[in-house]
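Enquirer: Here's a structure for you.
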Amino acid sequence: MLEGQTIVLGVTGSIAAYKSAELVRLLVKEGARVKVVMTPEARQFITPLTLSTLSRHPVYTEVATDDEWHNHVMLGREADLLLIAPATAHTLAKMATGLCDNLLLATYLSATCPVMAAPAMDEDMWWHPATRDALNKLQSFGVDVLEVDHGDLASGLQGWGRMLEPQQIVQSILERWIKPTQLLKNKKVLVTAGPTREPIDPVRYISNHSSGKMGFALAKVFAWMGAQVHLIAGPTPVPPPQHPRIRLTRIETAAQLQQACEAIFPEMDITVMAAAVADYRPQQIASQKIKKQDSHLELQLEKTTDILAELGKRKQPHQWLVGFALESRHDASLAREKMQQKNLDMIVLNSLDDAGAGFSGDTNKISIFDRFGHEMHYPLKHKHGVAHDIIQALLSIMHPA
Ligand code: CTP
């Protein structure tokens with residue numbers, strides 16, 4: 001399953017590092033090219049010789065030695081996946097704050113591939129608010145943080161904090177990244193994100209609170225999975241994702257978004273409309289700044305085109321179209337109705353009633369409905385995790401088992 005894949009395995013200073021030998025062996029057995037980067041502390045738990053013998057590659061620890069410099073940028077760029085296992089509380093905290101005092105952290109900061117971390121630590125460290133904060137932050141960056149196991153810990157205590165078994169880690173890599181990547185490689189994907197701005201006069205506009213984060217997370221996860229992504233984004237203060245496979249187009253108004261979408265839609269395999277498009281715009285745009293005069297000012301608004309519905313009309317049988325619905329209550333029938341009316345394959349519903357859900361924060365809580373009658377409900381997650389769920393759900397209807 002891992003033939004042709006390059007996996008950079010980061011090993012940090014935890015007693016669970018002894019499992020890295022088995023992990024390398026399983027990854028190599030699946031066909032992966034494994035390059036191991038160890039932190040200096042990890043070398044106290046397992047020898048580089050063990051890991052270089054099993055991976056059949058030299059093991060890297062230092063950014064530079066007397067006669068060699070290791071190109072961490074290229075390590076992170078050539079990899080199909082950066083897996084950090086075991087990931088200690090210390091390394092996770094440094095990753096969350098951008099510290100960069102060893103080769104593994106430098107590789108992480110310059111990686112353009114998905115990053116997966118398998119934490120390992122004692123239970124008290126696992127539940128400490130500092131570790132929780134670090135994990136939350138890493139998830140908001142898109143790091144795929146695996147669960148930990150419950151059981152005997154190195155301290156002699158029992159509890160949460162054991163690293164998953166190597167077999168489970170390999171299974172997660174296959175399920176969460178490798179299979180989707182094989183299905184999405186070179187697929188053309190259009191993702192829209194952020195709000196639109198509808199001008200009233202040269203200095204004012206009508207808009208909404210969309211941050212673009214959901215669409216940006218979708219674009220990033222699609223790109224990580226090998227798709228060619230066209231990201232069309234409205235104005236938001238959040239920086240859009242940078243990736244060699246993401247092409248960004250900026251728009252301001254719903255009309256510009258419509259034009260940009262319609263121009264490329266025929267070539268797309270998958271389209272996900274995550275943008276919060278204005279439903280109405282001022283009928284007339286004043287050419288001069290409107291001066292204040294009377295106690296009331298009336299603006300005449302006209303309806304914008306429902307871009308998603310328009311794309312739904314043009315959709316060909318090989319194309320997949322996904323829309324969003326933001327409702328003030330959780331209403332499955334409304335979502336289903338919208339999916340049908342707009343000729344969608346899938347609709348993602350988020351309810352304004354759910355704490356932590358919606359379009360300006362880092363998290364979202366969604367339900368997914370598809371045209372084959374499936375209905376899925378998910379817990380509150382960081383938007384990258386939500387993006388992952390949306391893509392997995394779409395792939396499951398594109399390629400039913
Ligand atoms: N959408 C669109 N063009 C518009 C309005 C919305 O393409 N002019 C798309 C959004 O990108 C999103 C979905 O339609 O995928 C969201 O629709 P929703 O917010 O639920 O609004 P409407 O369907 O317009 O219905 P209403 O506002 O009445 O709830």
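The values are calculated or read from the model by the stated rules, or taken from the named source; none is laboratory data. Keep in mind the model is a prediction, meaning the values are calculated, not measured. Note that each Cβ is placed from the backbone with ideal geometry, even for glycine, and that neighbours are counted across all protein chains shown. For accessibility, only protein heavy atoms count, side chains too; no ligands or nucleic acids. Shrake-Rupley method; radii C 1.70, N 1.55, O 1.52, S 1.80 Å.
Enquirer: Could you identify the single residue in Ser287, Ser295 that is at pLDDT below 95, of a type in the set (Gly, Ala, Ser) and surrounded by fewer than 14 Cβ atoms within 10 Å (Cβ to Cβ)? Break it down stepwise before answering.
Expert: On the way: Ser287 fails: at pLDDT below 95.
Of the residues listed, the single one that is at pLDDT below 95, of a type in the set (Gly, Ala, Ser) and surrounded by fewer than 14 Cβ atoms within 10 Å (Cβ to Cβ) is Ser295.
Enquirer: Taking the residues in the range 293-315 that are without any contact (Cβ under 8 Å) to a residue 12 or more places away in the chain and under 27 Å from Thr253 (Cβ atoms) as candidates, determine which candidate is farthest from the ligand (Cβ to nearest atom).
Expert: Residues of the range 293-315 that are without any contact (Cβ under 8 Å) to a residue 12 or more places away in the chain, as a first pass: 293-298.
Still in the list and also under 27 Å from Thr253 (Cβ atoms): 293, 296-298.
Numbers: Gln293: 31, His296: 26, Leu297: 24, Glu298: 22 Å.
Among those that are without any contact (Cβ under 8 Å) to a residue 12 or more places away in the chain and under 27 Å from Thr253 (Cβ atoms), it is Gln293.
Enquirer: Would you pick out the residues in the range 38-91 that are closer than 18 Å to Ala111 by Cβ, surrounded by fewer than 22 Cβ atoms within 10 Å (Cβ to Cβ) and among the small types (Gly, Ala, Ser)?
Expert: Gly76
Per-residue answers, yes or no, for (1) touching a His at 6+ places or on another chain (Cβ under 8 Å); (2) closer than 17 Å to Ala309 by Cα:
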position: Ala227; (1), (2): no, no
position: Pro239; (1), (2): no, no
position: Arg245; (1), (2): no, no
position: Ala254; (1), (2): no, yes
position: Ile264; (1), (2): yes, yes
position: Val272; (1), (2): no, yes
position: Tyr280; (1), (2): no, yes
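Enquirer: Restricting to the range 221-262, what's the tally of residues that are within 16 Å of the ligand (Cβ to nearest atom) and either assigned to a loop (DSSP other than H, G, I, E, B) or surrounded by fewer than 17 Cβ atoms within 10 Å (Cβ to Cβ) (or both)?
Expert: 11
Enquirer: Same structure again: Please state which one of Thr61, Thr6, Thr65 is in contact with a Lys or Arg (Cβ under 6 Å, 6 or more places away or on another chain) and among the hydroxyl-bearing types (Ser, Thr, Tyr). Even if it seems obvious, please write down each step before you answer.
Expert: On the way: Thr61 fails: in contact with a Lys or Arg (Cβ under 6 Å, 6 or more places away or on another chain); Thr65 fails: in contact with a Lys or Arg (Cβ under 6 Å, 6 or more places away or on another chain).
After ruling out the rest, the residue left standing is Thr6.
Enquirer: Limited to the range 298-307, what total is found for residues that are surrounded by 10 or more Cβ atoms within 10 Å (Cβ to Cβ) and in a loop (DSSP other than H, G, I, E, B)?
Expert: Residues that pass the stated criteria total 4.
Enquirer: Follow-up. Please determine whether any residue of the range 193-206 is open to solvent by less than 60 Å² (accessible area, probe 1.4 Å), closer than 23 Å to Thr6 by Cα and hydroxyl-bearing (Ser, Thr, Tyr).
Expert: Initial filter on the range 193-206 (open to solvent by less than 60 Å² (accessible area, probe 1.4 Å)): 193-196, 198-201, 206.
After this cut, where a residue has to be closer than 23 Å to Thr6 by Cα as well, the list is none.
There is no residue in the range 193-206 that is open to solvent by less than 60 Å² (accessible area, probe 1.4 Å), closer than 23 Å to Thr6 by Cα and hydroxyl-bearing (Ser, Thr, Tyr).
Matching residues to (1) at pLDDT below 95; (2) under 22 Å from Leu395 (Cα atoms):
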residue	(1), (2)
Val115	no, yes
Leu135	no, no
Glu147	no, no
Ser155	yes, no
Met163	no, no
Pro166	no, no
Glu175	yes, yes
Leu184	no, yes
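Enquirer: For the range 263-276, enumerate the residues that are hydrophobic (A, V, I, L, M, F, W, C) and either open to solvent by 40 Å² or more (accessible area, probe 1.4 Å) or part of a strand (DSSP E or B) (or both).
Expert: At the first step, the residues of the range 263-276 found to be hydrophobic (A, V, I, L, M, F, W, C) are 263-265, 268, 270, 272-276.
Scanning the range 263-276 gives Ala263, Ile270, Val272, Met273, Ala276.
Enquirer: I would also like to ask the following. Out of (1) under 30 Å from Gly361 (Cα atoms); (2) without any contact (Cβ under 8 Å) to a residue 24 or more places away in the chain; (3) open to solvent by less than 70 Å² (accessible area, probe 1.4 Å), what's the single condition that is false for Met121?
Expert: (2)
Enquirer: State yes or no: is Val73 closer than 21 Å to Ala117 by Cβ and modelled with pLDDT of 95 or more?
Expert: Numbers: closer than 21 Å to Ala117 by Cβ: yes; modelled with pLDDT of 95 or more: no.
No.
Enquirer: Of the residues that sit in the range 324-341 and are part of a loop (DSSP other than H, G, I, E, B) and either closer than 16 Å to Ala309 by Cβ or open to solvent by 60 Å² or more (accessible area, probe 1.4 Å) (or both), which one is farthest from the ligand (Cβ to nearest atom)?
Expert: Of the residues in the range 324-341, the ones part of a loop (DSSP other than H, G, I, E, B) are 328-331.
The next check asks that each one be either closer than 16 Å to Ala309 by Cβ or open to solvent by 60 Å² or more (accessible area, probe 1.4 Å) (or both); those that pass are 328-330.
Working: Ser328: 9, Arg329: 11, His330: 13 Å.
Among those that are part of a loop (DSSP other than H, G, I, E, B) and either closer than 16 Å to Ala309 by Cβ or open to solvent by 60 Å² or more (accessible area, probe 1.4 Å) (or both), it is His330.
Enquirer: Write out, first by first residue and then by second, each pair whose Cβ atoms fall under 9 Å of each other, whose residues are 6+ apart or on separate chains, and whose first residue, in the range 210-226, is under 17 Å from Ala325 (Cα atoms) while the second is among the polar types (S, T, N, Q) and in a helix (DSSP H, G or I).
Expert: Partner pairs satisfying both residue conditions: Lys213/Ser140.
Enquirer: Of everything in the range 342-359, what is open to solvent by 70 Å² or more (accessible area, probe 1.4 Å) and among the hydroxyl-bearing types (Ser, Thr, Tyr)? Give them in sequence order.
Expert: none
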